[in-house]
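One structure is given here, and the rest of the page talks about it.
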Amino acid sequence: MRELDQSVIREFERIVGANHALQEPDLTASYTTDWTGRFEGQSPVVLRPADTAQVAELVKVAAAAEISIVPQGGNTGLVGGSVPLNQEIIISTLRLNQCEPIDVLAQQVTVGAGVTLAALQSHASQRELDMGVDLAARDSCTVGGMIATNAGGINVVRYGAMRDQILGVEAVLSDGSIISHLEGLEKDNTGYSLPGLLAGSEGTLGIITKARLRLHPRLEERCSAMIAFNNVDDAVAATAQLRRTLPSLHAVEVIFAEAMHLVSQHIGSSIPVGHDAHAWVIVEVAASIDPTEELAKAIDGLGSLPVEVAVGMDTGTRANLWQYREKITEAISTQGTPHKLDVTIGASRLAEFVNRVPQVISEVDRSATALMFGHLGDGNVHVNILGPAGAEPDEGVDEAVLLYVAKLGGSISAEHGIGSAKREFLHLNRSSSELAAFRAIKKALDPNGILNPNVLLPPESP
Ligand SMILES: Cc1cc2nc3c(=O)[nH]c(=O)nc-3n(C[C@H](O)[C@H](O)[C@H](O)COP(=O)(O)OP(=O)(O)OC[C@H]3O[C@@H](n4cnc5c(N)ncnc54)[C@H](O)[C@@H]3O)c2cc1C
């Protein structure tokens, strides 16, 4: 990468205005450190374009000057993919925050990449519609970031991940050209699916500037339950049964013991049910007519699997149960800087994984602690590993856990992406032919490698 000289900065300022070309370290600091605090870089300039045309102009200037770019949305990513680790410039999408009117007939909307999930949810709710993906970072994470990471969240069990919500995208490619396909046709087999390609591309193939998204009917009638289990096998068996018997199933989340004790301490409230249990599953049902009876019947059908159950029927009691799940990431951050390993394991090996992984970790670092929780409905476990007294754990724990995941046939990244944190482990899930195909795609769309060069693909050996 070439050094950035003042004439290039002046070009950037001409495009976005000097107020939106941030250079002072105290102004750029929140853009150069990630949400976890584990990944920190430096950037000569953070650019905040107002529209797609400005993004395209910025990219043209950067490409001509051979300057690398990190596209950034809400900077809530958890794998070190959104921060400049090698002096890249940042193009922040936060000003691409326009929501177009909802297309009620099609149940779709076109929004800017910088629209936050919470703003999108609020916009959709005005027409009694909802977004299919929801996650705890909703106030800050953006549509562009969610597409680039193929975000999952709590409703994948019902609506799928972000890739399933996208009908079209507009994006700026590495030469500054704009691709745009926002008609939102449900059936449109006219060649390669560029939205599908950009979903999960982590800013390496293009900068998403707009998206056409599918919306779903807003389901106002909701009921939640927290179900405590004595062991992980029972929680997994119960989840499979709930998926079979509950048509209104909206979310199935899990918190394992160490994480539950920490979050209950963090929010200053005792564990609602089964104090000595090993796994707590939070189930939410949602429908247009009250699904409480359906949930009660399904829980009855679990027989003796649960130890204890708490049900939340009104907004207040539901929120009380959900806070144990939603505040875990924040609770863990108060303890230090964890290594976050977000993995999926098939249902048949899930209990084995959760039971054994603390030992896998302690074989590498005896002082490390594992805190686990996740989206049980889709086999997604977040393994958060903390070292002693807030220190980071031994680097070797990541490799040990990810090797174990691969051995069980799981995925080393369920929903957060590969980022810079896991790129050296991508080969555990992807064959050399797949990696060669990835590199060919990258080369075709970004021949000079200026888009997010430190993420996803492992460095090529010289
Ligand atoms: C409390 C908390 C809870 C979370 N829960 C979940 C969860 O349940 N499920 C889940 O999947 N994730 C979760 N996350 C992770 C994170 O919120 C998601 O990965 C989210 O999609 C990132 O969006 P962002 O706008 O913050 O992207 P950033 O963090 O800004 O960027 C993430 C990646 O996307 C790229 N990118 C961003 N915008 C663009 C763009 N416009 N064009 C091209 N590339 C772009 C970046 O270069 C980077 O590689 C959570 C995070 C936190 C802090």
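For the range 253-263, which positions are surrounded by fewer than 19 Cβ atoms within 10 Å (Cβ to Cβ) and touching a residue at least 40 places away in the same chain (Cβ under 8 Å)? Break it down into steps so the answer makes sense when it comes.
As a first pass, look at the range 253-263 and keep what is surrounded by fewer than 19 Cβ atoms within 10 Å (Cβ to Cβ): 257-258, 261.
Answer for the range 253-263, where residues must be surrounded by fewer than 19 Cβ atoms within 10 Å (Cβ to Cβ) and touching a residue at least 40 places away in the same chain (Cβ under 8 Å): just E258.
No other residue among A436, A406, A389, A400 is in a helix (DSSP H, G or I), at pLDDT below 95, farther than 25 Å from R158 by Cα and open to solvent by 20 Å² or more (accessible area, probe 1.4 Å) apart from A389. Only one of the numbered conditions (1) within 18 Å of N19 (Cβ to Cβ); (2) in contact with a Phe, Trp or Tyr (Cβ under 7 Å, 6 or more places away or on another chain); (3) within 12 Å of the ligand (Cβ to nearest atom) is not met by I91, and that is (2).
If you go through the range 212-221 one residue at a time, do you hit one that is touching a residue at least 24 places away in the same chain (Cβ under 8 Å) and more than 24 Å from the chain's Cα centre (by Cα)?
The first filter runs over the range 212-221 and keeps only residues touching a residue at least 24 places away in the same chain (Cβ under 8 Å), leaving 212-221.
Next, from what is left, pick out any that are more than 24 Å from the chain's Cα centre (by Cα): 220-221.
Yes, some residue in the range 212-221 is touching a residue at least 24 places away in the same chain (Cβ under 8 Å) and more than 24 Å from the chain's Cα centre (by Cα).
Taken together, the residues in the range 409-433 that are open to solvent by 30 Å² or more (accessible area, probe 1.4 Å), in contact with a strand residue (DSSP E or B) (Cβ under 9 Å, 6 or more places away or on another chain), farther than 22 Å from V70 by Cβ and not hydroxyl-bearing (S, T, Y) amount to 2. Only a single criterion out of (1) crowded, with 19+ Cβ neighbours inside 10 Å; (2) under 25 Å from H275 (Cβ atoms); (3) away from the ligand (no atom under 16 Å from the Cβ); (4) modelled with pLDDT of 95 or more is not satisfied by T369, namely (4). Among the residues of the range 233-252, those that are in contact with a helix residue (DSSP H, G or I) (Cβ under 8 Å, 6 or more places away or on another chain), open to solvent by less than 40 Å² (accessible area, probe 1.4 Å) and closer than 16 Å to G379 by Cβ comprise A235, V236, T239, L242, L249, A251, V252. You will find that of L78, L120, L47, L58, the residue that is crowded, with 20+ Cβ neighbours inside 10 Å and not assigned by TED's automatic domain parsing to the domain that holds E13 is L120 and no other. In the set R318, R325, only one residue is within 17 Å of S269 (Cα to Cα), assigned to a helix (DSSP H, G or I), within 16 Å of the ligand (Cβ to nearest atom) and not assigned by TED's automatic domain parsing to the domain that holds I418; that residue is R325.
Can you name every residue in the range 43-88 that is among the hydrophobic types (A, V, I, L, M, F, W, C) and in a strand (DSSP E or B)?
The answer is V46, L47, I69, V70.
Note on the range 278-298: residues that are in contact (Cβ under 8 Å) with a residue 60 or more places away in the chain, within 21 Å of V254 (Cβ to Cβ) and in a helix (DSSP H, G or I) amount to 1. Between C141, C99, the distinction of being in contact with a helix residue (DSSP H, G or I) (Cβ under 7 Å, 6 or more places away or on another chain), open to solvent by 30 Å² or more (accessible area, probe 1.4 Å) and either within 15 Å of the ligand (Cβ to nearest atom) or not assigned by TED's automatic domain parsing to the domain that holds D164 (or both) belongs to C99 only.
Applying a threshold of 7 Å to beta carbon distances and a minimum spacing of six or more residues, or different chains, the list of pairs starting in the range 65-89 at a residue that is touching a residue at least 12 places away in the same chain (Cβ under 8 Å) and ending at one that is more than 11 Å from the ligand (Cβ to nearest atom) and acidic (D, E) reads V83/E40. Scanning the range 336-359 finds one or more residues that are among the hydrophobic types (A, V, I, L, M, F, W, C) and within 16 Å of the ligand (Cβ to nearest atom).
Checked against (1) open to solvent by 40 Å² or more (accessible area, probe 1.4 Å); (2) more than 12 Å from the ligand (Cβ to nearest atom); (3) in contact (Cβ under 8 Å) with a residue 40 or more places away in the chain; (4) not assigned by TED's automatic domain parsing to the domain that holds T209, E128 passes all but a single condition, namely (4). Of the numbered criteria (1) within 9 Å of the ligand (Cβ to nearest atom); (2) surrounded by fewer than 24 Cβ atoms within 10 Å (Cβ to Cβ), the one V83 fails is (2).
Among residues of the range 162-187 that are in a strand (DSSP E or B), those with a Cβ under 7 angstrom from a residue that is among the hydroxyl-bearing types (S, T, Y) and within 11 Å of the ligand (Cβ to nearest atom), sequence gap 6+ or separate chain, pair up as E170/T52; E170/T209; A171/T209; V172/T52; V172/T209; I178/T52. Within the range 18-31, being touching a strand residue (DSSP E or B) at 6+ places or on another chain (Cβ under 8 Å) and either within 12 Å of the ligand (Cβ to nearest atom) or small (G, A, S) (or both) holds for A21, Y31.
Looking at this structure, is A63 within 14 Å of the ligand (Cβ to nearest atom) and among the small types (G, A, S)? Answer is no for this residue.
The values are calculated or read from the model by the stated rules, or taken from the named source; none is laboratory data. Nothing here was measured: the structure is a model prediction, and the numbers come from that model. Neighbour counts are summed over all protein chains in view; Cβ atoms, including those assigned to glycine, are modelled from backbone coordinates with ideal geometry. With ligands, DNA and RNA removed, areas are computed over all heavy atoms of the protein, side chains included. Shrake-Rupley method; radii C 1.70, N 1.55, O 1.52, S 1.80 Å.
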